[in-house]
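To start, the structure under review is shown below, and the notes come after it.
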């Protein structure tokens, strides 16, 4: 997921425009915004092909409605990542 959420610079633009499940477990319930979903799609397809499914007893959670197009500073200098909410 970290590589998929990587973006090029702070601000609004033509990045962070794709929505994917937040995880392969109960994360299917909530969506997250990414910049490049290609590797995640391969992983998800392989996961499904292996017969995996999300657990049937996931806790009820409130999902944040993702906001598209926001790139924010990451944990280290020069690192940027897609944000699910407006900064």
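None of the figures in this text is laboratory data; all of them are computed from the coordinates on show. Keep in mind the model is a prediction, meaning the values are calculated, not measured. Using ideal geometry, Cβ is built from the backbone for each residue, glycine included, and neighbour counts are taken over all protein chains shown.
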Using the 10 angstrom Cβ neighbour count as an exposure proxy, how do 36, 84, 25 rank, fewest first? 25, 36, 84
Run the numbers on segment 2-82 and let me know its relative contact order in percent, using alpha-carbon pairs under 8 Å that are six or more apart. 43
Using the 10 angstrom Cβ neighbour count as an exposure proxy, how do 43, 32, 76, 53 rank, fewest first? 76, 53, 43, 32
Output the 0 to 90 degree angle, nearest 10, between the alpha-carbon long axis of helix 38-49 and the longest principal axis computed from the alpha carbons of the chain. 10
Approximate spin-label separation residue 19-residue 48, in nm, with each point projected 7 Å along Cα-to-Cβ: 1.7
Along Cα→Cβ, 7 Å out, is where each label goes; now give me the distance between the ones at residue 61 and residue 3 in nm to one decimal. 2.3
Segment 26-87 shape via C-alpha gyration tensor axes, a/c threshold 1.5: oblate
